[in-house]
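Laboratory data are not the source of any read-out in this text; all were calculated from the coordinates shown. These numbers were taken from a predicted model, which means no experiment stands behind them. Glycine also receives a Cβ, built like all others from the backbone with ideal geometry; neighbour counts cover every protein chain displayed.
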């Protein structure tokens, strides 16, 4: 047993060999004692703990534990086998105690070591924290710096906004001191600086020049002012002189002043009337002394009108709205008054008007008064005919030929002056709930197309249909038409000659009509030779006839259908007699007779009723007067056309009756053949010899 | 200026009289001649097409032939359109007219008798056989003149009428020639003997005489078999039996002179100084009166030259030339518009 214990002890000791002082319990004890004796402090133990290897300590601890276990087991064994062996037990006990103390020491050392490790860990941790903080700071700093860099990069200098002279010019013009070419060529920065410097120099120069020029200008304007002041002082002096010369002017009948006054008045005319006035007076001075042009009206009103800015649309729109709102409240009378007001406003004339008087050779005057409608931008004309005293005419059938309403019909084809030539007017009137312009003609006068042309106003033609937009107002309506001199100048001569022609042709027509009413066909001397000396047929009645009358005639239908006769045509009826034979001739004159020749529609009552529809010879007679009228008028005597046509008709009627086949050989012939006709019929239609050859005195067919 | 011209054109159309019409040899065109000496060419194919517009009823081309008076008669060969009237006889090639470039191919004039004679030609016909081509012209100098067209030489004249000649026709393969005159007689000439063989005087026949209208004869037609002769004008239109020269049937048109007539199938169509085209049976029964535009009719013609364009045209004192595809009514009218000056 003891051997085993010893073995065990030996093993333990062997195991403890690396640990000095633990080789055996005695040594351990001695060690402890010695240590105590050497006065070991706790502090030294701490150091000891550091010095010693923890692993060896762990092994020695395990060895001590094993020893204690074996010691206890030995004690037990001893006690059970030999209860009396107390000494042995004690020695074991002592060894065990020594080992126990050693364990204790190891435990302490472990504690120390643990504390030490904890301390070092803390220390390391602290160090890491510090490093981290430092890192953060540095990163922040780096970011800040980056920002600064970008800010610098983005910086824009003011010089970039300045417009500089180009580089080439800079090198060309700037002095070498500024260009310093050798350096600046390679360094764009320095080049820029150089260019800026040069720019500054240039601009300084210009600024100084500007101030100099301004100064000069001021000086000049001062000079002008002083001269003007001087000129103004002349005005009263001059007018005084003029005033003084007036009696002399009057005495010498040189109306310089009157002309001047009128010209001053003309300044206040609206543009179109001004154009009209200017061009007609220019025409008068240049070509036609018989014209009289003057301005009438209230100059002051015209002056005040010029200053008053007129805005038609907005005003009238609001008016209308107001009207609608208040209509329910107000009396009907009030609204009627308002519409009257509105009408007045729309048809407002310019206070000034131009008077044009055209006089004929025999003293008949055509007085035209041109007014300008401000709102509608058109010129209207009112006409007055002043008959000369000697030429008093009385014609029943042509009483209306000189009426102001009709005398200027179709001066140009199709121009009756009923509708406004300004297409915008239609919409304007519609907008204000007014009727067409034709209803208001007595109020405003007639807006003939030629008036507009004389006033230099040119509108789009009616034929081109205007595309109306949804609310019925065309865009064209909004485009203001400006008066142009060129338009007027191109038309004025023709228009005035037409006006003159019109009045002379109307007068001669009236004369002819009054003669026709008495049954005499006034053939002028120049044409008498064209007709045979003896004509048996005679004009018995000459009367006026209406368009409606004509429409009832079957044989007039083809003429009506052809469009040659319109409701505006002037229609007469002539009855021509020879014995029991009677011919009715409907004579259709247009307003611009004799430019357009009269048209004849015939019917004959001779045994039977005969018209062009039943008798081809009647058609041939119509042809004689309607188609072959050129022989009956000359360019100088156009006005003679109607009497000549009638005379030819009488002659043709004679021929017709004389060549007509007798109804029966038994009855004596009422109308004998008197005229010399080589052939009574010719050609497939058995045409009658309606043509008179004056040089031979015979009648032949037209071929 | 434009207005004046359109007015002039209007007056022209209002007083227009078409004296004769002829279909082109190809049957596609119609030439119409009027009193103003103008010829208008209408395209029948265009006017008859289903989508015909108003414009296709106006002349495709028109030209002026005589300055002084009308064209009274047209006659046509395979190559030429021959115009006669108040002037020389003038021939134009159909091909030139259709190409709108008419040139006078040749012209003939009747021998003048005196300084003041201006004889018109009221009717001309061409007789063509294997050996010769002869043009006969009934003229205002009371004579029928004849020319050989092959060489243009004047052959002879037929004299005997006492007034001007309205119409002529040939019959019996050109052996005989018939002329109808203002003097009231119709003369049947023997061409070879150059003398009058027979004379017909309807104004002396009690069935036909109408003295209040006159004795003149204008309407003259012979049927294909040379059996019947149609004569009319002042006297009532009647068929005369050619062998016996007696009137067998009369066609009563009271107060209306008949200017033209033609045999069509078993009917007779006639028209004159009223605005009606009359259809008759040969026996004299009045079948129909078709109202037409012209108030006085001078030409009725049927287009035999083209089957597709087989129409009847009626022309006269109007600017309208009526076209009947079914002969019973007017289908539409062609309008004679004056040539551009």
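In this simple spin-label model, placing a label point 7 Å from the Cα along the Cα-to-Cβ direction at both residue B:244 and residue B:162 gives a separation of 2.8 nm.
Normalised by the number of residues in the stretch A:565-681, the average gap of Cα pairs under 8 Å and 6 or more apart makes the relative contact order 17 percent. Against the empirical 2.2 N^0.38 Å (N residues), the stretch B:207-255 has a Cα radius of gyration ratio of 1.10. Note that the stretch B:195-297 carries a Kirkwood radius of 13.6 Å, evaluated over its alpha carbons pair by pair. Taken over the Cα atoms of the stretch B:61-174, the convex hull encloses 112 Å³ per residue.
For the stretch B:1-141, the Kirkwood hydrodynamic radius from C-alpha pairs, put into Stokes-Einstein at 20 °C and a viscosity of 1.002 mPa s, yields a diffusion coefficient of 132 µm² per second.
Estimated from the Cβ-Cβ distance and a Förster radius of 51 angstrom, the FRET efficiency linking residue A:157 and residue A:228 is about 0.50.
The ranking of B:130, A:505, A:208 from fewest to most other beta carbons within 10 Å of each one's beta carbon is B:130, A:208, A:505. Dividing the Cα radius of gyration of the stretch A:60-151 by its Kirkwood radius returns 1.65 for Rg/Rh.
Placing a label point 7 Å from the Cα of residue A:245 along the Cα-to-Cβ direction, none of the residues of the stretch A:267-289 has a backbone N under 16 Å of that point.
Its Cα gyration tensor gives the protein assembly as shown an equivalent ellipsoid. The semi-axes, each the square root of 5 times an eigenvalue, are 129, 57, 30 Å from largest down. For the stretch A:218-279, the Kirkwood estimate of the hydrodynamic radius, built from every pair of different alpha carbons, is 14.6 Å. When you restrict to C-alpha pairs under 8 Å that are six or more residues apart and normalise by the size of the stretch B:186-341, the relative contact order lands at 11 percent. Over chain B, Cα pairs under 8 Å with separation of 6+ residues give a relative contact order of 13 percent.
For chain B, the 222 nm mean residue ellipticity estimated from helices alone, with every DSSP H stretch of n ≥ 4 adding -39500 (n - 2.57) and the total spread over all residues, rounds to -2000 deg cm²/dmol.
For chain B, the equivalent ellipsoid derived from the Cα gyration tensor has semi-axes of 30, 25, 19 Å, listed largest first. For A:140, A:440, B:66, the sequence from fewest to most other C-beta atoms within 10 Å is A:140, A:440, B:66. Exposure proxy for A:380, A:439, A:357: other Cβ atoms within 10 Å of each Cβ, ordered fewest to most, give A:439, A:357, A:380. Label-to-label distance for residue B:155 and residue B:101 is 3.4 nm, based on points extended 7 Å past Cα in the beta-carbon direction. What's the long-distance tail for the stretch A:119-226, i.e. % of Cα pairs beyond 23 Å? Distances greater than 23 Å cover 64 percent of the Cα pairs.
Taken along the Cα-to-beta-carbon direction at a fixed 7 Å, the label points for residue B:77 and residue A:538 span 6.0 nm. FRET efficiency for the residue A:582 to residue B:60 pair, using the beta carbon distance and R₀ = 51 Å, is estimated at 0.65.
The calculated pair-distance distribution of the stretch A:541-666 uses every alpha carbon pair, bins of 10 angstrom beginning at 0, and gives 12, 45, 33, 8, 1, 0 percent.
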